[in-house]
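Written below as structure tokens is the structure these notes are about.
The values are calculated or read from the model by the stated rules, or taken from the named source; none is laboratory data. No experiment lies behind these values; they were computed from the predicted model shown. Glycine gets a Cβ as well: all are built from the backbone with ideal geometry, and neighbour counts include every protein chain shown.
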Amino acid sequence: DGGITQSPKYLFRKEGQNVTLSCEQNLNHDAMYWYRQDPGQGLRLIYYSQIVNDFQKGDIAEGYSVSREKKESFPLTVTSAQKNPTAFYLCASSPPGQGVNTEAFFGQGTRLTVV
Amino acid sequence: QQQVKQSPQSLIVQKGGISIINCAYENTAFDYFPWYQQFPGKGPALLIAIRPDVSEKKEGRFTISFNKSAKQFSLHIMDSQPGDSATYFCAARHSGAGSYQLTFGKGTKLSVIP
């Protein structure tokens, strides 16, 4: 089955630790994204990548880092600099082009909790 | 600055009724307006989408109405069912070169009661 796989589903982090969230897609999509979801806040863009070895900051990139070494993979690292990391993190991908069918497909999310 | 404003924040509708969720935007560079449905603990899934050159799009019980001059669009769910209970997000995509990211509204939690 084609899709986006995020792991782990639940993640607990101690204060001061860096953690990495995994996102893999087998849809052959060029573009990948990371969103953060907080209650009542909708989805906010952290980072996005339109092509391998290139990525751009979104609206709330501070305290996060990403890499895009392979087309299929776009891991997100939540660093100790992120002061309020507890949230639901969503990875998405989309095919190339600007046509009407260039929708974003989402993974099932990773819930990160700081303990 | 919130670029897509969504209302209401929550909505309770009786089974069989019509659910209406509204969104408004300011940026005229948006060129694609999808709606996503999200169940608790799951990722959002595309429900229906519209381009600004179309005033209405219907898929089953779901209809998007689009008013380009007013920069508003809305989702109508006809014959609402308990299984429609979820959080709904409107979104807009910027048409800038090489830009694919979506700007989301804050979401509407819909509860359909029997």
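Observations on the model:
- The residues of the range A:40-55 that are out of contact with any Asp or Glu (no Cβ under 9 Å at 6 or more places or on another chain) and either surrounded by 15 or more Cβ atoms within 10 Å (Cβ to Cβ) or farther than 18 Å from B:Thr103 by Cα (or both), listed by number, are A:Gly42, A:Leu43, A:Tyr47, A:Tyr48, A:Asp54, A:Phe55.
- Which listed residue is over 19 Å from B:Phe89 (Cβ atoms), assigned to a strand (DSSP E or B) and either away from chain B (no Cβ under 14 Å) or modelled with pLDDT under 90 (or both), from A:Gln56, A:Gln50, A:Gln82: A:Gln50
- Verdict on A:Gln37 being surrounded by fewer than 20 Cβ atoms within 10 Å (Cβ to Cβ), among the polar types (S, T, N, Q), at the interface with another protein chain (Cβ under 9 Å from one of its Cβ atoms) and touching a residue at least 40 places away in the same chain (Cβ under 8 Å): no
- Taking the listed residues B:Ser69, B:Ser65, B:Ser80, B:Ser74, the one that is part of a loop (DSSP other than H, G, I, E, B) and surrounded by 13 or more Cβ atoms within 10 Å (Cβ to Cβ) is B:Ser80, with no other qualifying.
- Qualifying residue in the range B:89-112 (condition: surrounded by 13 or more Cβ atoms within 10 Å (Cβ to Cβ), touching an Asp or Glu at 6+ places or on another chain (Cβ under 8 Å), under 16 Å from A:Gly42 (Cβ atoms) and at pLDDT 95 or above): yes
- Criterion (out of contact with any Ser or Thr (no Cβ under 6 Å at 6 or more places or on another chain), within 11 Å of chain A (Cβ to nearest Cβ), of a type in the set (S, T, N, Q) and more than 27 Å from A:Gln50 (Cβ to Cβ)) met by exactly one of B:Thr87, B:Thr103, B:Thr63: B:Thr87
- Checked against the criterion of being more than 26 Å from B:Thr87 (Cα to Cα) and in contact with a Phe, Trp or Tyr (Cβ under 8 Å, 6 or more places away or on another chain), the range A:83-96 contains not a single residue that satisfies it.
- Single condition B:Ile77 does not satisfy, out of (1) within 14 Å of chain A (Cβ to nearest Cβ); (2) under 29 Å from A:Arg36 (Cβ atoms); (3) β-branched (Val, Ile, Thr): (1)
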